[in-house]
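The values are calculated or read from the model by the stated rules, or taken from the named source; none is laboratory data. Here the structure is a predicted model, which means the values were calculated and not measured. No Cβ is skipped: glycine too gets one built from the backbone with ideal geometry, and neighbour counts run over all protein chains shown.
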Amino acid sequence: MTLSPPDPEHDSPHRPLALYGPDFAADPHGHYRLLRAQGPLARVRIAPGIDAMLVTDYQAAVDLVRDTDTFTKDPRAWQATVPADSPVLPVLGHRPTALFSDGAVHTRYRDTINDSIALIEPHILRAEVTRVAQQLIGEFSATGSGDLVAQYARRLPLHVFTTWFGVPPEDGERIVNGVGGMMNSAADAAAAYADLVRVVTELVAARRARPGRDLTSYLLAHPAGLDNDETVRQITLIMSAGHDPTTNLISNALLHMLTDARYSGSLHGGAMTAHEAIDEVLWQDPPLANLGAHYPRRDTEFHGVALRAGQLVLVSFAAANTQSPHVLSDPGAGSGSSAHLAWSTGPHRCPAKQPALLIAMTAIEQLTSQLCDLELATEPSRLMWRPGPFHRALVHLPVRFTPLDPGLGRVGGTPNG
């Protein structure tokens, strides 16, 4: 049975706030304050004509993601009410993956992802990230300036993904553009996702014919017996949930260190660390700000709000985290705590938390140890953020620093030991 699209004027006295334009990108927390004033859930618009209920309350968010009896992750009932060309479908549309399934099907897909990620040895990953970080830093360190998004945070995870999955180097930019395009949820989102699928489909076909020593080959050989399309979809899920958010985590944490006075000595070996900056960003500005899509299995009431069967309910990890008493009482109190929801919780919590943290921490430590007088090259208010309802992502992060002479260290200084 096809559901009727929600009617925001009938269902809510509040006009839904748009989460997909430049106004939201420029001031998401101002939007979250307005939404929290409406209660634990509020209606939002995530694309033209596409509304959702957004959970902004911390306890309600925890209850939602753990309640598998009331809510399903399968979006197909909701999807039947959405235009086929909607720009949010590349992120929210159903595919045979762990993200869009429940029960035994979810377990089967989830096991293949967990088992694959378990093959990534932390010390090998750290060494690889260190090698790539030093290479990337070397490409711009003599100039005295750079864009830490385009030249560093965006490129470093790409190298990791292409190496571990065996992606041909010439296809790397297509991976990045595909993931970034789908997350932007703009007019070209479907085309971006389609090209990402084409790249991975070619990769899977090549590895099916000739296995290698990479995660793609392992997924194909996994006892779960994934077919080619299932393998393609798990890989695109891992890439979309891994590359863009890791890029955003690195760049958002670097921005935090460059603009928060408590980190003013960190770039010179101060007490505040990359780990603390990452943790505070995960509390206050998580790279995936709003997602965790769930759908009521039946008409229900949740935290005092009536929901219809099949209605889209999203979790605002950013709003829930900053509503939490931990953050409300002290902006730095979340540091060192694992109570934030940036990795979600429950059966669909992020399976790649540890590798992502290792990549981000190593990337930041390498950068700040080599370019220890980094400073922002523009006013923070002039920085631009990528529009989109799901992510918190900088467009650019311009910096300046004392140039390094390749092989010697700082220009005009003494050689490095």
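Please go through the range 92-113 and pick out each residue that is within 19 Å of the chain's Cα centre (by Cα) and either at pLDDT below 95 or hydrophobic (A, V, I, L, M, F, W, C) (or both). Selection gives 92, 98, 99, 100, 113. Within the option set 163, 130, 236, 201, being of a type in the set (Val, Ile, Thr), buried (at least 21 other Cβ atoms within 10 Å of the Cβ) and in contact with a helix residue (DSSP H, G or I) (Cβ under 7 Å, 6 or more places away or on another chain) holds for one residue only, 236. Can you confirm whether the range 325-334 contains a residue that is more than 24 Å from residue 116 (Cβ to Cβ), surrounded by fewer than 17 Cβ atoms within 10 Å (Cβ to Cβ) and modelled with pLDDT of 95 or more? No: the range 325-334 contains no residue that is more than 24 Å from residue 116 (Cβ to Cβ), surrounded by fewer than 17 Cβ atoms within 10 Å (Cβ to Cβ) and modelled with pLDDT of 95 or more. The set of residues in the range 13-45 that are surrounded by fewer than 21 Cβ atoms within 10 Å (Cβ to Cβ), part of a helix (DSSP H, G or I) and without any contact (Cβ under 8 Å) to a residue 24 or more places away in the chain comprises 23, 30, 33, 34.
Condition check for residue 378 on (1) closer than 22 Å to residue 323 by Cβ; (2) surrounded by fewer than 17 Cβ atoms within 10 Å (Cβ to Cβ); (3) modelled with pLDDT of 90 or more: one failure, at (1). Filtering the range 46-67 to residues that are crowded, with 21+ Cβ neighbours inside 10 Å, over 15 Å from residue 313 (Cβ atoms) and not aliphatic (A, V, I, L, M) leaves only 58. Of all the numbered requirements in (1) crowded, with 21+ Cβ neighbours inside 10 Å; (2) touching a residue at least 40 places away in the same chain (Cβ under 8 Å); (3) more than 20 Å from the chain's Cα centre (by Cα), residue 70 misses one, and that requirement is (1).
Quick grid of which residues meet (1) part of a strand (DSSP E or B); (2) among the aromatic types (Phe, Trp, Tyr); (3) in contact (Cβ under 8 Å) with a residue 40 or more places away in the chain:
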site	(1), (2), (3)
277	no, no, yes
280	no, no, yes
291	yes, no, yes
306	yes, no, no
311	no, no, yes
314	yes, no, yes
318	no, no, yes
322	no, no, yes
